[in-house]
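The values are calculated or read from the model by the stated rules, or taken from the named source; none is laboratory data. Source: prediction; values computed, not measured. All Cβ positions, even for glycine, are placed from backbone atoms using ideal geometry, and neighbour counts span all protein chains on display. Side chains are part of the model used for accessible areas, which takes the heavy atoms of the whole protein and leaves out ligands, DNA and RNA. Shrake-Rupley method; radii C 1.70, N 1.55, O 1.52, S 1.80 Å.
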Amino acid sequence: MKIAVYPGSFDPVTLGHLDIIQRASKLVDRLVIGVLTNISKKTVFSMEERVKFLELVIKEYNLESKIKIESFNGLLVDFAKAQNASFIVRGLRAVTDFDYELQLAQTNHVMVPDIDTVFFTTRLEYSYLSSSTVREIANFGGDIRHFVPECIIQFIYDKYKTIGSV
Ligand code: PNS
């Protein structure tokens, strides 16, 4: 069984993430989306919210049969091993992602040589898109329809209504 993990903070999941999830899931028997909980930067959305958003999206796009969503703490390679994964999936948007992603992939490979990182080049229409852009726009009440799946839009606006403009 070919298993891959797709890790990230998903704060929140975007259409760019969804595109990678759809494409990566075609190559494996199971894609485990790993939602990182111990990130040094503080997230706007709680771990429960980030997982819930992913669950809603996976359901809306009928991807449930191949995809599992898990939160994880600690090292990505340890999470990948625990999931019996042979691959780590990451998206590459632009050259600006490259240094960080290369360092991450090489470090992970030194720690666990059996697990390889596979990169998907982001589709052109999402190459500018990031969770932080979505947060910035939502924070000021802008239109996020082109950036995140429809089913989570209202939850994102509601969050900013609750916490106020940050
Ligand atoms: O969506 P992000 O924030 O770009 O994802 C970054 C992520 C989760 C891939 C990265 O922060 C990570 O793997 N963190 C877990 C700790 C770890 O294993 N670090 C790499 C070795 S130093």
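Convex hull over the Cα atoms of the chain, averaged projected area in nm²?
9.3
Helix 15-25 against the longest principal axis of the chain: what's the angle in degrees, Cα atoms only, rounded to the nearest 10?
30
Number of Lys-Lys pairs in the range 3-163 under 29 Å by Cα, sequence gap 8 or more or different chains?
So the count works out to 29.
How long is the gain from Ile137 to Asn62 if the chain were fully straight, where each residue apart is worth 0.36 nm and the alpha carbon distance is subtracted?
Length difference between fully extended and current span is 24.2 nm.
Between Val148 and residues 5 or more places away or on another chain, which pairs have amide H atoms under 5 Å apart, with H built 1.01 Å from N, and which residues are they?
Here the answer is Leu15, since their amide H atoms fall under 5 Å of that of Val148.
For the chain, with every protein chain kept in place, what is the accessible area per residue (1.4 Å probe, Å²)?
54
Going by alpha carbons, how many degrees (0 to 90, nearest 10) lie between the helix axis of 47-60 and the longest principal axis of the chain?
90
So what is the calculated 222 nm ellipticity per residue for the chain, using -39500 (n - 2.57) for each DSSP H run with n of 4 or more, over all residues, to the nearest 500 deg cm²/dmol?
-13500 deg cm²/dmol
Evaluate E = 1/(1 + (r/R0)^6) for Lys26 and Tyr128, where r is the Cβ-Cβ distance and R0 equals 35 Å; express this FRET efficiency to the nearest 0.05.
FRET efficiency, Lys26 to Tyr128: 0.90.
R0 = 45 Å: FRET efficiency of Asp158 with Val112, Cβ-based, nearest 0.05?
After rounding, the FRET efficiency stands at 0.70.
Could you please state how large a percent of the accessible area of the chain is carbon and sulfur, counting protein chains only and using a 1.4 Å probe?
After summing per-atom areas, the C and S share lands at 53 percent.
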